[in-house]
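A short worksheet on the structure shown next.
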Amino acid sequence: MAQSDTAPSVTPPVARLIEAFHRLPGIGPKSAQRLTYHLIRMPKEEAEEFAGAIAELKDRVVLCDTCANISESAECQICTDLQRDKTRICVVEEPLDVIAIERARVYSGKYHILHGVISPVNGIGPNDLKLRELLERLRDGSVTEVIVATNPNLEGEATAMYIQQLIGPLDVKVTRLARGLPSGSDIEYADDSTLAHALESRAEIS
Amino acid sequence: MTTKRRPITYTTEGVVVRISNLGEADRIITLVTPIHGLVRGVAKASRKPGSKIGGHLDMLKHVSVSVRETSTLHGLSQASTLNGFRKLRDDLERFSRASYISEISEQFSVENGSNQPLFRLLLSVLEALETTTNTDMITRFFEMRLLQLSGFQPEMSRCVETGIELKPANHLYSAERGGLLSNQAKPVIETALLPASLNTIKLLRFLSKAKLMNAKVIKAGEEEKRQLSRILRAQIHYVLDRGLRSEAFMDEVRSKKTET
């Protein structure tokens, strides 16, 4: 456990909660203290509801057996939806990416969540991702296209390359999300690889 | 009355060696720089698609960036790419090597510790990795040169146990003692010894004096390559007192390449 930053005068339950918040990603010691003292001021019912929500989360939420998305049952809503296109799988890094793509309302296929990305400097290799499960899904031959939607950064690209090599021997088309200039941005500030990809993937104005 | 020190702002070049997410849309970026050593700073909103600096501050990019020093994490702004090393991004093997090299560079760098030779070495080796097919020997060159720059050059002419000049023959290598051990010597302290054939010793000596352009063309047998890799890695592990996280992936990619 990390060394506590809290003053010795802080009572143990408060110090414990500050430390618990501090362990969350993106929460520093000051934010942890702020959140804890906010909870102290909160009405008891609200605090209990908050604690109950956390407990329920751990009791009821599981990973979907098929796509590894967050789900309440063995199969998530997307995997059980018969209206969705079974022949396409969109591979994403995290469950939050599914929400982002669904928000766009243009994709009607299935998903597969890797729960990470190949990151050698952080000691995360292919075996730490849900790649074996992805291969299993492709074995029956019903999937014709795998869309790799990992983030367009170095580690996302490396993961996409790895997936491409992994799936290569199977008779499945592997595509990658297009990369280029984001809407509302300035060409002046674009980095070289974004500009290069934008130029390589240029499209005729129709 | 105490007065607050005015924050110092400077512009530096650097190579991005580590990235981690912070909060909603920020990133903590770690750079190896020539004058300021290891620089860690926050790139605000750099995960948003419209960010002006997000695309520049990606792993293994040589960038110019403005740093605003604070007592905790510095603030990063006005980043621009000097070299994106695009070919390291299009090849899994080059990527795995470059990740290993960037991890070692980070481990051998300290904050506020100027290290221009290390920075120049990192840049030149990343450039070489983009074009060479001999990625194995470029990696060994980097390891050897880094040990030399850090004051841990392996002893290759005299036995580290007896001090006697080594005869041209197969010997042993001790990372703990920092050099070759005569095959006749009986170490007083029990230590992990690695085999070092005559050819491997020749390669070690050559690498210690070679220029990068010469390292690119070194040819060696599989056994010599394996011994060389084990010796230099063992030495780096001993100096750092730990292994490197990126080694496993680099080895996996290499073994897959050898299989095909």
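Things to note:
- Sequence-distant lysines (8 or more away, or on other chains) whose Cα lies within less than 25 Å of B:Lys167: B:Lys186, B:Lys202, B:Lys209, B:Lys219, B:Lys225
- Surface accessible to a 1.4 Å probe, A:Thr144 within the full protein complex, Å²: 80 Å²
- Residue separation of B:Ser114 and B:Asn214 scaled by 0.36 nm, minus their Cα-Cα distance, works out to 33.2 nm of gained length.
- Model label zone, A:Tyr107; criterion: amide N under 16 Å from point 7 Å along Cα-to-beta-carbon; scope region A:82-101: A:84-101
- Accessible-area value, B:Lys202, 1.4 Å probe, nucleic acids and ligands omitted, Å²: 120 Å²
- Using a simple spin-label model with pseudo-atoms 7 Å out from Cα toward Cβ, A:Ala74 and B:Leu73 lie 4.2 nm apart.
- Calculated accessible area for chain B comes out at 49 Å² per residue, all protein chains present (probe 1.4 Å; ligands, DNA, RNA ignored).
- Inter-chain Cβ neighbour count for A:191-197, averaged per residue, equals 6 (cutoff 10 Å, partner chain atoms only).
- Remark: relative contact order (region A:59-206) = 18 percent; criterion is Cα-Cα distance under 8 angstrom and separation of 6 or more residues.
- Chain B packed on chain A takes about 2400 Å² of accessible surface away from a 1.4 Å probe, both sides summed.
- Difference of contour (0.36 nm per residue) and Cα-Cα distance, A:Asp65 to A:Gln164: 33.3 nm
- Between B:Ile35 and A:Asp128, the FRET efficiency from the beta-carbon distance, with R0 = 60 Å, is close to 0.95.
- Angle between chain B longest axis and helix B:247-259 axis [Cα atoms, degrees, rounded to 10]: 60 degrees
- Two-site FRET efficiency, A:Lys173 against B:Gln184, from Cβ-Cβ distance with R₀ of 60 Å, rounded to 0.05: 0.45
- Ranked by the mean number of other Cβ atoms within 10 Å of their residues, highest first, the peptides B:166-179, B:105-118, B:83-96 fall in the order B:83-96, B:166-179, B:105-118.
- For the residues of B:50-61, the average number of beta carbons from a partner chain within 10 Å of their own beta carbon is 6.
- Residues of region B:78-112 that bury at least 50 Å² of accessible area when the other protein chains are present, relative to the chain alone (probe 1.4 Å, heavy atoms, ligands and nucleic acids excluded): B:Arg86, B:Arg89, B:Leu92, B:Phe95.
- Cβ-derived FRET efficiency at R0 45 Å, A:Ala47 paired with A:Ala196, nearest 0.05: 0.30
- Accessible surface area normalised per residue over chain A is 63 Å², counting heavy atoms of protein chains with a 1.4 Å rolling probe.
- Choice from B:Leu198, B:Leu123, B:Leu60 showing the highest fluctuation, given a GNM over chain B with Cα pairs closer than 10 Å: B:Leu198
- Shielding of A:112-122 by partner chains, average beta-carbon count, 10 Å: 5
- The label-point distance for B:Asn199 and B:Leu240, in a model that sets each label 7 Å from Cα toward Cβ, rounds to 2.9 nm.
- Taking region B:8-131 and dividing mean pair separation by its residue count, relative contact order in percent (alpha carbons under 8 Å, at least six apart): 28 percent
- Accessible area of the protein assembly as shown belonging to carbon and sulfur atoms, whole % at 1.4 Å probe: 52 percent
- Amide H contacts under 5 Å for A:Cys90, placed H, 5+ residues apart: A:Lys110, A:Tyr111, A:His112, A:Ile147
- Here's how it looks for A:Ile124: its modeled amide H is under 5 Å from those of A:Ser119, which are all 5 or more places away or on a different chain.
- DSSP beta bridges in chain A [antiparallel fraction, %, rounded to 5]: 20 percent
- A straight Cα-to-Cα reach below 25 Å connects A:Lys173 with the lysines A:Lys86, A:Lys110, A:Lys130, B:Lys87, B:Lys256, B:Lys257, residues fewer than 8 places away in its own chain not being considered.
The values are calculated or read from the model by the stated rules, or taken from the named source; none is laboratory data. Computed from a prediction, not measured in an experiment: that's the story for all the values here. A quick note on method: Cβ atoms are made from the backbone with ideal geometry, for glycine too, and the neighbour counts reach across all protein chains shown. Side chains are part of the model used for accessible areas, which takes the heavy atoms of the whole protein and leaves out ligands, DNA and RNA. Shrake-Rupley method; radii C 1.70, N 1.55, O 1.52, S 1.80 Å.
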